[in-house]
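Okay, structure first, notes after.
The values are calculated or read from the model by the stated rules, or taken from the named source; none is laboratory data. These numbers were taken from a predicted model, which means no experiment stands behind them. Methodologically, a virtual Cβ is constructed for each residue, glycine included, from the backbone with ideal geometry; neighbour enumeration extends over all protein chains shown. Areas reflect the complete protein model, heavy atoms only, side chains present, ligands, DNA and RNA absent. Shrake-Rupley method; radii C 1.70, N 1.55, O 1.52, S 1.80 Å.
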Amino acid sequence: MNSPSQNTRATPTSFASGQAVLVLDAAGRIELANPVAAALWQAKAGELIGDHLPNLFTFEVTSADPDWLVAQWEVLLASALAQPTPLRLQPKEAGAFDAVLRLEKAAEEPPHYFAHVSRVLRPLAAPAAEATATSTTPVDGLLGVLNDRSPLGFFDLNFVKPEAYFSPTWKRMLGHTDASLPNTLDALAALIHPDDSAAAPDKLSGRAPSTGTRPFSVEYRLKHARGHHVWVQSVGVQLFAPNGALQRVVGAHLDITERKELEEQSLHAEERLAALGGRGRFALFELDFAGGATWLSPAFKLLLGFDEDELPDEPESFLRALPPEDSTGGLAGFFSTKNPGQTVYFDALRLRHRNGADLWGYAGIARVLSRKKELQRVLGFVAPMPGGLAAQGAGGLTAGQFSTALAELREAVLLTDARDQVVCVNAAAERILGAAAQQLVGRPASEIFRLVHRLSGAPGESPVEKALTTGEATPLNGEFALAREAGAKPVPVVFSCRAVAGAGGQAAGAVVVFRDPNEMTLTPEELVKANRFDSLGQLAGGIAHDYNNLLTTILGGISLALDSRDYSALENSSKACDAAKALSKQLLMFSKGGTGTRQVIRPADLLRDAIRVASSGSAIKVEFEAPADLATIQVDRAQLLQVFQNLIINAIQAMPAGQGNIWVAAGNVTLAEGQIPPLPAGQYVAIEIRDNGSGIKPEHLEKIFDPFFTTKKTGTGLGLATVLSIVKRHGGQIGLDSELGVGTTFTVFLPRAEQEEVVEARRAPSLNVATRTNRVLFMDDDPEISRLTEGMLTGMGYKCDLAKNGEEAVTLYKRYLNIQRPYDVVIMDLTVIGGMGGEECFRKLRELHPDVRAIVASGYDSEDMVKQFLGLGFMGYLTKPYRVGDLSRVIKKVLG
């Protein structure tokens, strides 16, 4: 099966050589892998296709977050395009080993890359020592390398002793470990396929020599540990005794399953070609201009209204089938001028039937050019279009425009005729269906677009057959997946289908539009979250330490008040609660990462939060200084918090013996043109993070921001690469100054914001004091929070009704609204387990009473959340945990 990339791009000369080469798309997904690459990863033919390049290597930090995979690819792309990059390659079944990755751009539009991978071998002497220690086989030097690292599996059969030896590679070839398969002659006999027993090395037919040796090379099948059989080529030598008895067989096995599969596929392809090119609907042709040969399939002749023996296989036969106005330059001119720059193209083709009528078909054309760009050969197929589409091709939308429009669609499109035969697919459909257009056109749609239910696995009804037989369209549906060949995992798909009406109103065909739902949200982004999980791991111990200290203050104050009626420590407990709340807010924001929303903020607040989290549990003293008139900046707050936490963590880790000082300072600066390349002249905020640590070596300064560069034993090399990426995306730059033994200073320059951004809640209609009911509705599914808040509201002079979910809240609100005594305020939690939450409840209350005054009470504390719910129409946002004063202030603000 040919990949689409094989039809559109040239492969490097090394693709056919002994080097492992992969072809990658813009997202790092593998489209093509040569046999050397498959052997390097111990994969079968085609098994690497569709996987992402970062998944083939091991990294110190891993994550299931889809953004993480995108970030890994972007870092690999930036690193390996510039220079060869050392990595740890992870085969399918063996342990990881050292390798070198080099990326090379293959095409600009769309972007594609060649990945060259080579293994880093140990010295030749190393395997010999290992072999001596772990094996009784007398291999050393170069033979040791072959035995240990090559794809050859060695064996030694001794029929005199009797005993056998199979190398670890020989066993891995069959899915066994060295210990799971015994080194015995009986073990080999049990593995040989019954039909191939005569080809076994000890059963080869032929007259044996009276003495000496005889070389052999045979192919047979051995049973894999998983039950299937593997084709191997066995090459070696037989040793005979003076009496002609076979004494010993020594040789090597090479897995040739992929080659055998290709041979079988070639045979099937020839059979399919003969079937398709017969008297079916698939019209094939070949025009060899260099050799002077022409071939027109029986189906091609039948398409034009001729029997097989009525139309000779000559260029003139094809030329006469073209309209005269299209073929003034002859056959070579006709095919040379179409779709310039493309050796393979798909387009509508107008032919003339024997009776003179126009015949529209969908054609796939492959052109072979000489080095001088002269047309040498043309191969192609023609599938007749349904009547409705043929009429369109003759008028309005040209065939070329129709073909181009389909190719530009990101959605996959499959078009059939009235007999369920596929007549057209675009590139997106080829990719999702896993086959080229040539392999799909002419086949029944119900065969290649087979649906199974994503949950139950039950077969689904063919939407094409449904559209053709009943005329009923299938609206957008995401409950099914595309079935694959036996054993392959179905591919989730979202699709719709409808019939294409012909001239008489009857169904002339059907069109299916579909897409892989996993691709619907995958858009490439710059490196933003790559080291977030690594930083969280570094912060976890310190944060836990600080939380325990805060909890000790809280619990101690409460204990004194309960046990000794000593209330003096409760104020400190209250302050500790505030500190824990602030720390939770920053940790939550950091763990969620950026939202992509930029807001105008005060840098001093951001830096204090970064210092609080990054220095948790550390003995390093961090001092902060900022002027009162420090300008604001417009940034993604979570991403910039990540930047400064990274820089502070790096400074802390640079301190010898965990002792030292860090100074964080911010100020307004005016930069001249070229002062800090590549920043333009203008007004900026400069934030300086300085330490008196060990400093950075001069030879490391130029590489400090490179992805994967690190001097730490447990570092990932992603921290500073992430920092620089985020700052540049915000229109800023980073300065660096370091001296060994003195310390390091990072200076971050960010553009000043032009104006402040103010988030205001929805203004409520003025509430006349005389119409107030002093009644508050509180909704929360936690009974302890409900009882506590009820006590607070009662103490403030309000009557309070409690609801544990949105359904109860709506019922209570209706009751008082019906008597013209609606609640003054409704306070509701957002998340309710097993019931209606706050957001849905608010929408229903607004339908009942547009002037409802609602306040969010949530444990999620972030500016983005506040903006989101105030924008929905809530009038206040109350963050948990809260005091009586917090509750009172938000109610008074809402009521005016």
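Only residues that are open to solvent by 40 Å² or more (accessible area, probe 1.4 Å), closer than 26 Å to residue 422 by Cα and more than 36 Å from the chain's Cα centre (by Cα): list them for the stretch 328-354, please.
Scanning the stretch 328-354 gives 338, 350, 352, 353, 354.
Would the stretch 800-814 turn up any residue that is more than 21 Å from residue 877 (Cβ to Cβ), touching a helix residue (DSSP H, G or I) at 6+ places or on another chain (Cβ under 8 Å) and in a strand (DSSP E or B)?
Within the stretch 800-814, one or more residues are more than 21 Å from residue 877 (Cβ to Cβ), touching a helix residue (DSSP H, G or I) at 6+ places or on another chain (Cβ under 8 Å) and in a strand (DSSP E or B).
Among residues belonging to the stretch 31-70 that are part of a loop (DSSP other than H, G, I, E, B) and of a type in the set (D, E, K, R), point out the one that is nearest to residue 432 (Cα to Cα).
The residue in question is 51.
Could you say whether any residue in the stretch 805-824 is in contact with a Pro (Cβ under 9 Å, 6 or more places away or on another chain) and open to solvent by 70 Å² or more (accessible area, probe 1.4 Å)?
Within the stretch 805-824, not a single residue is in contact with a Pro (Cβ under 9 Å, 6 or more places away or on another chain) and open to solvent by 70 Å² or more (accessible area, probe 1.4 Å).
Among (1) touching a residue at least 60 places away in the same chain (Cβ under 8 Å); (2) open to solvent by 10 Å² or more (accessible area, probe 1.4 Å); (3) small (Gly, Ala, Ser), there is one condition residue 651 misses while meeting the rest; what is its number?
If we test residue 651 against (1) touching a residue at least 60 places away in the same chain (Cβ under 8 Å); (2) open to solvent by 10 Å² or more (accessible area, probe 1.4 Å); (3) small (Gly, Ala, Ser), just (2) comes out false.
Within the group 89, 69, 81, 121, which residue is under 16 Å from residue 706 (Cα atoms) and either aliphatic (A, V, I, L, M) or modelled with pLDDT under 90 (or both)?
Just one listed residue meets the conditions, 81.
Out of the residues in the stretch 1-54 that are among the basic types (Lys, Arg) and at pLDDT 60 or above, which is surrounded by the most Cβ atoms within 10 Å (Cβ to Cβ)?
29
Looking at the stretch 609-626, is at least one residue in contact with a strand residue (DSSP E or B) (Cβ under 9 Å, 6 or more places away or on another chain), assigned to a loop (DSSP other than H, G, I, E, B) and surrounded by 21 or more Cβ atoms within 10 Å (Cβ to Cβ)?
Within the stretch 609-626 (the criterion being in contact with a strand residue (DSSP E or B) (Cβ under 9 Å, 6 or more places away or on another chain), assigned to a loop (DSSP other than H, G, I, E, B) and surrounded by 21 or more Cβ atoms within 10 Å (Cβ to Cβ)), the answer is yes, since at least one residue qualifies.
Within the set of pairs 6+ apart or on separate chains, which have a first residue in the stretch 352-373 that is closer than 12 Å to residue 303 by Cα, a second that is among the aliphatic types (A, V, I, L, M) and outside any loop (DSSP other than H, G, I, E, B), and C-beta atoms under 6 Å apart?
Going by the 6 Å Cβ cut-off, the qualifying pairs are 353/359; 359/351; 360/390; 361/349; 361/382; 361/383.
Output the number of residues of the stretch 226-244 satisfying the condition of being within 18 Å of residue 215 (Cβ to Cβ) and either open to solvent by 50 Å² or more (accessible area, probe 1.4 Å) or not hydroxyl-bearing (Ser, Thr, Tyr) (or both).
Number satisfying all stated conditions: 10.
Restricting to the stretch 835-850, what's the tally of residues that are free of Cβ contacts under 8 Å to residues at least 40 places away in the same chain and assigned to a loop (DSSP other than H, G, I, E, B)?
Residues meeting the conditions: 4.
Give me a count of the residues in the stretch 851-869 that are part of a strand (DSSP E or B) and farther than 23 Å from residue 822 by Cα.
1
Working only within the stretch 179-194, note down all residues that are in a helix (DSSP H, G or I), out of contact with any Phe, Trp or Tyr (no Cβ under 9 Å at 6 or more places or on another chain) and in contact (Cβ under 8 Å) with a residue 12 or more places away in the chain.
Result: 190, 191.
Which condition from (1) crowded, with 17+ Cβ neighbours inside 10 Å; (2) farther than 19 Å from residue 260 by Cβ; (3) modelled with pLDDT under 90 is the one that residue 181 breaks?
Only one criterion is unmet by residue 181, namely (3).
Open to solvent by 20 Å² or more (accessible area, probe 1.4 Å), touching an Asp or Glu at 6+ places or on another chain (Cβ under 7 Å), in contact (Cβ under 8 Å) with a residue 24 or more places away in the chain and closer than 30 Å to residue 76 by Cβ - does that describe any residue in the stretch 660-683?
Taking every residue of the stretch 660-683 in turn, none turns out to be open to solvent by 20 Å² or more (accessible area, probe 1.4 Å), touching an Asp or Glu at 6+ places or on another chain (Cβ under 7 Å), in contact (Cβ under 8 Å) with a residue 24 or more places away in the chain and closer than 30 Å to residue 76 by Cβ.
Given the criterion within 15 Å of residue 113 (Cα to Cα) and in contact with a Pro (Cβ under 9 Å, 6 or more places away or on another chain), identify the matching residue among 41, 73.
73
Restricting to the stretch 417-449, what's the tally of residues that are open to solvent by less than 20 Å² (accessible area, probe 1.4 Å), outside any helix (DSSP H, G or I) and among the aliphatic types (A, V, I, L, M)?
Number satisfying all stated conditions: 6.
Can you pull out every residue in the stretch 770-789 that is open to solvent by less than 40 Å² (accessible area, probe 1.4 Å), closer than 13 Å to residue 827 by Cβ and in contact with a Phe, Trp or Tyr (Cβ under 9 Å, 6 or more places away or on another chain)?
The answer is 776, 777, 786, 789.
Could you list all residues from the stretch 840-862 that are surrounded by fewer than 17 Cβ atoms within 10 Å (Cβ to Cβ) and closer than 30 Å to residue 606 by Cβ?
Once the filter is applied, which keeps residues that are surrounded by fewer than 17 Cβ atoms within 10 Å (Cβ to Cβ) and closer than 30 Å to residue 606 by Cβ, the stretch 840-862 yields only 859.
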